[in-house]
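First the structure, in the form of structure tokens, and then the observations on it.
Coordinate-derived values only; no laboratory data. Since the structure is predicted, the reported quantities are computational estimates derived from the model, not experimental observations. Quick reminder, even Gly has a Cβ in these numbers, built from the backbone with ideal geometry, and neighbours come from all protein chains shown.
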Amino acid sequence: MSTPDLPVFPSGGCGDGCGCGGEDAYDDPMECGLDPALAQLLADAGLDPVEVEDIAHMAVAEDLAGGVDVTSVATIPEDAVATADFTAREAGTVAGLRVAEAVLSVVCTDEFEVERHVEDGDRVVAGQKLLSVTARTRDLLTGERSALNLLCRLSGIATATRAWADALEGTKAKVRDTRKTTPGLRSLEKYAVRCGGGVNHRMSLSDAALVKDNHVVAAGGVAQAFKAVREEFPGVPVEVEVDTLHQLREAVDAGADLILLDNFTPGDTQEAVSLVHGRAILESSGRLTLENARAYAETGVDYLAVGALTHSSPILDIGLDLREAPAAAEAE
């Protein structure tokens, strides 16, 4: 996919003058914030800019461990400035570019410029530039690994999700994630699923109920468990997991909003769709692979729940390379 270059934007640096540290630090670290334009882009994407900033700070702090980037400080003059390109080294779907910018924002001590070549959700090919950044060279290299760790991880999730979305194209079924996310990165990983064409399941234990087998055992049955949740939290959507057609009938009769068909075969799933006949939303889970995804989708289910999107997706290989200085190029 060929994407025209997007405008060049100046971006504010964080660094020593930021609320995260330094002699000019604010009393309240949250007063620092990201560059307003970047914060707005994150908010427009459904991400909390403060949360993204916190993740960026934690990633960089972990990498520095209270010290400095000894290699960069020793080898690069303090006032050196360079341009670096984030480049895809394999084909895939991108997610997390603005998150990578946030990491650089908390590292860079001076204002820096970014040139955006693609956007999150775009399909890219090997060798394609994603983002170019001009900043102090030391800062670029100090933030490189933290930015790439997040960008490669999120792009890997988006790429895997895109493969599932492509497999389901032309059916009504959507691929959906689970809560099997990396602690602390749930909102980012679920954002990456959206970038890949998937949809999100509940974000937490509190925004929707999912009655699973252990809840059924504890409550004494499917109907009893559903009734207990509905009475205690009447405004919360309730999904019920079933592993037999008998339990499915119980859940439908009880009034479940959504039913999770656990480890059903495609044949059983087809029977379940006929039995429910539109009275509840149906979601398949277990036994699912890219190879059989379409067979499940063509039964008429609404969702395919795939925990592997967030717990097992390989990264998308993306690198950051400094552009060679013009003088050095001429000397060769």
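Per-residue ellipticity at 222 nm, computed for the chain from helices alone with -39500 (n - 2.57) per DSSP H run of at least four residues, works out to -12500 deg cm²/dmol.
Quick one: angle between helix 245-254 and the longest Cα principal axis of the chain, in degrees between 0 and 90, rounded to 10, please. The two axes meet at around 90 degrees. Sorted on the mean count of surrounding Cβ atoms within 10 Å across their residues, most packed first, peptides 292-301, 64-73 read 292-301, 64-73. Once Rg and the Kirkwood radius are both taken over the C-alpha atoms of the range 201-311, their ratio Rg/Rh works out to 0.96. For the range 182-332, relative contact order (Cα pairs under 8 Å, six or more residues apart, normalised by length) works out to 16 percent. The modelled label-to-label distance for the pair GLU298/ARG145, using points 7 Å beyond Cα in the direction of Cβ, is 4.9 nm. This ranking places LYS172, LYS180 by how few other beta-carbon atoms lie within 10 Å of each, fewest first, which gives LYS172, LYS180.
For the pair ALA219 and ALA308, a Förster radius of 30 Å applied to the C-beta separation gives a FRET efficiency near 0.55, rounded to the nearest 0.05. The Cβ shell under 11 Å around ALA308 holds other residues with a net charge of 0, Lys and Arg each +1, Asp and Glu each -1. When only alpha carbons of the range 46-106 are considered, Rg and Dmax amount to 14.4, 40 Å.
I want to make sure I understand the PRE zone here: with the label point 7 angstrom from the Cα of THR265 toward its beta carbon, which residues in the range 234-251 have backbone N atoms less than 14 Å away? Residues 245 qualify, since their backbone N sits under 14 Å from the label point.
Counting only aspartates and glutamates at least 8 places from LYS172 when in the same chain, those with an alpha carbon closer than 19 Å to its own are ASP257, ASP268, GLU271, GLU283, GLU291, GLU298, ASP302. With respect to the chain, whose longest principal axis is taken over its alpha-carbon atoms, helix 49-64 is tilted by about 60°. The alpha-carbon of LYS190 sits under 19 angstrom from the alpha-carbons of these lysines, leaving out residues fewer than 8 places away in its chain: LYS174, LYS180. Take the Cα radius of gyration of the range 30-173 and divide it by 2.2 N^0.38 Å, N being the number of residues; the result is 1.12.
Here the extension length gained between THR244 and ALA37 equals 69.4 nm, from 0.36 nm per residue of separation less the Cα-Cα distance. With Cα atoms defining each centre, the range 100-149 and the range 48-90 are spaced 10 Å apart in the structure. Rounded to the nearest 10 degrees, the angle from helix 222-232 to the longest Cα principal axis of the chain is 60 degrees.
Modelled this way, with points 7 Å down the Cα-to-C-beta line, the labels at ALA325 and ASP166 are 4.3 nm from one another. Against the compact-protein benchmark of 2.2 N^0.38 Å, the Cα-based radius of gyration of the range 123-195 scales to 1.37. The packing ranking, built from the mean of other Cβ atoms within 10 Å per residue, places the peptides 190-200, 99-109, 227-237 in the order 99-109, 190-200, 227-237, highest first. Beta bridges from DSSP with both residues in the chain: antiparallel share about 55 percent, rounded to the nearest 5.
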